[in-house]
Amino acid sequence: MADEDELAVTDRTTLKRIPERGHFDRDTLNAIIDEAMICHVGIVDEHGRPVVIPTFHGRDGDDLLLHGSAASRLLRTARNSEICVTITLIDSLVMARTAFHHSANYRSVVIFGVPEQITDDAEADAALNTLVEALIPGRMDEVRPNTTKEVRATLTLRLPITEASAKIRNGPPVDDEEDMDAAVWAGLLPVHTTFGEPITADDMRHDLPPSKSAANYRRPA
Ligand SMILES: Cc1cc2nc3c(=O)[nH]c(=O)nc-3n(C[C@H](O)[C@H](O)[C@H](O)COP(=O)(O)OP(=O)(O)OC[C@H]3O[C@@H](n4cnc5c(N)ncnc54)[C@H](O)[C@@H]3O)c2cc1C
């Protein structure tokens, strides 16, 4: 019986280069998707030309959520079409003894599929809240609920995460034996995303401290 937590590998999710770095279990995929703040969505425009656009994303169980203006070229083109979504995290720069063997420790995901528009107002509202919470955990407890007008002005897509791969590099530099005696520093330079102090908007009409979601910002929650 197939393991429901392990995605089937398809012709286009088969890693040809360094396949041992490939992962297909949902826990690994979800952890990368949830930690990343943005994704890049690849579409093919009406002239058959590829376009890749950065955008925010959220996850609802086994589905990726995307949203934007109802007038968005990106979302209108992506809707009911084959798209490719890429998500990337860089953990460290890998500095080898030779330029050739420099690399990065990274975790990335590629998802293929056909997203559908969420047309039910309640479902779209919940998806929008999930998208906000994915970026700023706790924020939906601090702001008013979305209005139906706002929900309908937003195009929200649901992409099942069924055909996807993760690729992870995690390790030290790897140099060739003939370069190991070189007097050159080698190692890892960790990469961290940090957040600064909240900056209060100039046009605030109340004298309030930063919301908890900003003051205690952590993600994933
Ligand atoms: C971090 C981040 C998060 C974002 N999150 C969202 C989101 O959640 N929802 C959303 O709808 N949009 C989001 N955007 C904006 C998004 O990248 C697009 O600008 C927007 O979706 C409109 O895309 P379009 O193809 O419909 O626009 P169009 O105006 O039709 O695009 C036409 C052309 O404009 C240029 N262009 C469009 N967007 C960009 C860009 N970001 N950078 C450089 N050139 C560009 C490209 O040349 C493109 O071919 C985000 C952008 C960033 C950087």
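For region 121-149, the set of residues classified as part of a loop (DSSP other than H, G, I, E, B) and either surrounded by 12 or more Cβ atoms within 10 Å (Cβ to Cβ) or small (Gly, Ala, Ser) (or both) consists of Ile136, Pro137, Gly138, Val143, Asn146, listed by residue number. Selection of first residues in region 206-221 that are farther than 17 Å from Thr130 by Cα and free of Cβ contacts under 8 Å to residues at least 24 places away in the same chain and of second residues that are of a type in the set (A, V, I, L, M) and part of a loop (DSSP other than H, G, I, E, B), restricted to Cβ pairs under 9 Å at least 6 apart or on distinct chains, gives the following pairs, ordered by first then second residue: Pro210/Ile199. Is at least one residue of region 127-138 over 16 Å from the mean Cα position of the chain (by Cα) and charged (D, E, K, R)? The answer is no; no qualifying residue exists. Going through (1) over 21 Å from Thr154 (Cβ atoms); (2) surrounded by 18 or more Cβ atoms within 10 Å (Cβ to Cβ) one by one, Thr86 falls short only on (2). The condition of being in contact with a strand residue (DSSP E or B) (Cβ under 8 Å, 6 or more places away or on another chain), farther than 17 Å from Ala134 by Cα and buried (at least 16 other Cβ atoms within 10 Å of the Cβ) holds for only one of Val51, Val41, that being Val41.
Values in this text are rule-based calculations from the coordinates and carry no lab data. All figures in this text were calculated on a predicted structure; none of them were measured in a lab. Quick reminder, even Gly has a Cβ in these numbers, built from the backbone with ideal geometry, and neighbours come from all protein chains shown.
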